[in-house]
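For reference, the structure is listed below as C-alpha cells.
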Amino acid sequence: MTATIALVDDDKNILTSVSIALQAEGFITRIYTDPETALKALLDNPADLAVFDVKMPQMDGIELLRRLRERSQMPVIFLTSKTDELDEALGLAMGADDYISKPFSQRLLIARIRAILRRADASRTPATPDEPAAEPIIRGRLEMDPARHRVKWKGEDVTLTVTEFLILETLAVRPGVVKNRNQLMDAAYQDDVYVDDRTIDSHIKRLRRKFREIDHDFNAIDTLYGAGYRFSEE
C-alpha cells in the first residue's frame with residue numbers, strides 16, 4: 001500500500017521540492033503551510049508519517065507535536081536548523097522519531113522516512129503461520145512484546161516510538177552486555193543512514209524519562225562513558 005506523507009512547513013519552496021521528490025519515489029503527499037490546519041487534518045485523517053519544520057509562525061513544530069501526541073503516535077520527523085540543538089532535544093523528548101538539520105539532502109530524508117515506515121509496519125503486522133511471533137522479553141520488571149510493540153514496567157504500560165522500542169530491545173535482549181552507539185544505530189536505523197551520536201543519546205535520555213514517569217527510581221539503563229550503554233536486569 002502506498003504511504004501518505006504529510007509535510008508541514010511555512011516555506012512553500014521546501015514543501016514543493018520535497019513533495020515532488022517524495023512523489024517521484026511513489027509516496028502520496030499532503031502539504032500544509034498552516035500548523036493549525038495541519039493538526040486538524042492529521043487528527044481527522046492521519047497520514048502514515050509527518051515531517052514538521054520546527055520554526056513556524058503562529059504555532060511552531062514543537063507545539064504542533066505536543067498537541068498531536070495527545071491523541072496520536074503517528075511517526076514524526078523534525079526539520080531543524082543546525083543551531084537548534086535545544087529544539088532537537090526537546091522534540092525528541094516529546095516523541096519525535098527523528099530530526100534532520102537544514103540544509104538537508106532529500107535522499108537522506110527519503111531514506112529515513114522509508115526506515116521509520118518499515119519499522120512501524122513491522123510492529124503492526126502479525127506473524128504468519130510460517131513465521132512464529134517473536135517471543136516476549138522479560139527482564140526483571142521489564143516486559144517487552146515485540147509482536148505487539150508493547151512495553152510494560154512494573155506492570156504499567158510505557159508508550160515508546162518505534163525507534164525507542166528497537167533501541168531498548170537491543171539492550172534488553174542481552175542484559176549486562178555493553179552496546180556502543182554504532183550498534184544501537186544499526187539496530188534503530190538501516191539503509192546506511194547516517195545518524196550522529198547526539199541522536200542516540202537523546203533517545204536514551206527520552207527512554208529514561210518515560211520510565212521515570214512510572215518509576216522515579218528507574219536506573220536499568222546504564223551509561224558506560226566512552227563505551228556505550230547496557231541494560232541491567234534487576
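Results, tabulated for the structure shown:
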| quantity | calculated |
| --- | --- |
| Antiparallel bridges, percent of DSSP beta bridges restricted to the chain (to nearest 5) | 45 percent |
| Share of carbon and sulfur in the accessible heavy-atom surface of the chain [1.4 Å probe, %] | 49 percent |
| Net length gained if the chain between residue 156 and residue 12 were fully extended (0.36 nm per residue, minus Cα distance) | 47.5 nm |
| Distance (nanometres) between label positions extended 7 Å along Cα→Cβ at residue 93 and residue 135 | 3.8 nm |
| DSSP H segments from the chain that extend 15 Å or more along their own axis, Cα-based, with Kyte-Doolittle mean of 1.6 or above | 162-173 |
| Amide hydrogen neighbours beyond the local backbone of residue 101, cut-off 5 Å, H modeled | 80 |
| Centroid-to-centroid separation of segment 10-29 and segment 207-225 [C-alpha atoms, Å] | 39 Å |
| Net length gained if the chain between residue 233 and residue 148 were fully extended (0.36 nm per residue, minus Cα distance) | 28.4 nm |
| Two-site label geometry, residue 23 and residue 215: point separation in nm, points 7 Å out along Cα→Cβ | 5.0 nm |
| Distance violations [Cα-Cα > 27 Å] among 102/179; 12/40; 102/205; 12/205; 102/152; 152/179 | 102/179; 12/205; 102/152 |
| Contact order relative to length of the chain, as percent, for alpha carbon pairs under 8 angstrom and 6 or more apart | 13 percent |
| Segment residue 102-residue 37, extension gain: residue separation times 0.36 nm, minus the distance between their alpha carbons | 21.0 nm |
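The values are calculated or read from the model by the stated rules, or taken from the named source; none is laboratory data. None of the values given here were measured: they were computed from a predicted structure. With ideal geometry, Cβ positions are generated from the backbone for all residues, glycine too; neighbour counts draw on all protein chains shown. Ligands, DNA and RNA are excluded from the accessible area calculation, which covers all protein heavy atoms including side chains. Shrake-Rupley method; radii C 1.70, N 1.55, O 1.52, S 1.80 Å.
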